[in-house]
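The values are calculated or read from the model by the stated rules, or taken from the named source; none is laboratory data. Treat the numbers as computed from the prediction; the structure is a model and nothing was measured. So basically every Cβ, Gly included, is an ideal-geometry build from the backbone, and we count neighbours across all protein chains shown.
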Amino acid sequence: MFGGHSAVPVSTPSRRAVFSVLGASVVAGLTACTAAQSSTPALTPSGAAGSHEAPGPNGALAVGGEVPTSSASPTLTPSPTPTPTATKRIRRTFIPDYQLPPIIGGLAPVITKIETKHPVVFLTIDDGNIKTPESIKLLAEYDYPSSLFLTRDTIADNPAFFNAFKAQGSLIENHTVTHNINMVRQWGYQQQLNDIVGMQEYALQHYGRRPTLFRPPGGAYSSVMRQAVADAGMKAIVTWEAKANAGKMDYQVGNSLRPGDIVLMHFRAEFAADLAAFRAAQLAAGLEVVLLEDFLGVA
Ligand SMILES: [Zn+2]
């Protein structure tokens, strides 16, 4: 919000007067906003604006007459679609404290959790078997941007169904063509690569973007798979340490969500119950759902 005001000259006496009245908190807010924008230009500033204590500064500025459009400033955020939630992937900007490991020796890195001090959690939803309007409605209601690891053979009957999640700010990622949970043991490099590349092409064709992240069917991976994932053009293999399953949370570590956890769930019949379990855990832990790709810089 304040970023949008940067074009307004700040050297006018009345502006300075307003600032002196408002005191340090406004200056701090401006500084944080500016810093966030300069360090992460691709992220929307809308969340940063929303986190300000709006009534004081905005009211004072409006009264001063310097920024007559301040009440309409949220519309300054670029919006790719008219959907209200489309710009709300990252609601606040974060100073990065995690670096995605690079591809070394031709092998894609494997991520099970993001080591971060920021109060964030990442929701990932797999396969795509059960396609209900309820799942679209719930994710919109909670405003959860999610990474959707979809399998071509499970979505081929209705790929357009997932466009609604795209419009909400979620991204489609790669979960192979056939979902062979034994692919690591049964297949060599070329067969794995074919099953991975096939989904890359399918996703590009139907959703207009090449996936950057890969989730192995069943979660098993190997060096051969890591090589195939890198060769297919993706940045990382993403597994998990927590999942919402059968209407409850399962943790591989501890008994609650932690900052940086990657949570697995599925498009299953029990979607609503699983999402309710996740939401309860997310709220209890005081974590914000942000898009993994945004946090990693691979959106
Ligand atoms: Zn799966």
For the stretch 200-226, which residues satisfy the criterion of being within 16 Å of the ligand (Cβ to nearest atom) and closer than 17 Å to Ala156 by Cβ? Tyr202, Ala203, Pro211, Pro217
Among the residues of the stretch 98-129, what is the count of those that are within 16 Å of the ligand (Cβ to nearest atom) and among the small types (Gly, Ala, Ser)? 1
Glu173: passes all of (1) without any contact (Cβ under 8 Å) to a residue 12 or more places away in the chain; (2) under 19 Å from His266 (Cβ atoms) but (1)
Residue that is farthest from the ligand (Cβ to nearest atom) [pool: residues in the stretch 130-152 that are assigned to a helix (DSSP H, G or I) and without any contact (Cβ under 8 Å) to a residue 60 or more places away in the chain]: Glu141
Which one of these is within 27 Å of Leu139 (Cβ to Cβ), at pLDDT 95 or above, under 20 Å from the mean Cα position of the chain (by Cα) and surrounded by fewer than 20 Cβ atoms within 10 Å (Cβ to Cβ): Arg215, Arg210? Arg210
For Ile95, state whether it is away from the ligand (no atom under 16 Å from the Cβ), at pLDDT 95 or above and not acidic (Asp, Glu). no
Taking the stretch 213-235 as the region of interest, how many residues are at positive phi and either in contact (Cβ under 8 Å) with a residue 40 or more places away in the chain or not assigned by TED's automatic domain parsing to the domain that holds Ala269 (or both)? 0
Of all the residues that make up the stretch 157-176, how many are surrounded by fewer than 21 Cβ atoms within 10 Å (Cβ to Cβ) and either of a type in the set (D, E, K, R) or over 19 Å from the mean Cα position of the chain (by Cα) (or both)? 6
Scan the stretch 113-142 residue by residue and report those that are out of contact with any helix residue (DSSP H, G or I) (no Cβ under 9 Å at 6 or more places or on another chain), closer than 30 Å to Leu193 by Cα and surrounded by fewer than 16 Cβ atoms within 10 Å (Cβ to Cβ). Glu115
Here is a check on your reading of the model: is Gly254 surrounded by fewer than 20 Cβ atoms within 10 Å (Cβ to Cβ), free of Cβ contacts under 8 Å to residues at least 40 places away in the same chain, under 18 Å from the mean Cα position of the chain (by Cα) and away from the ligand (no atom under 16 Å from the Cβ)? no
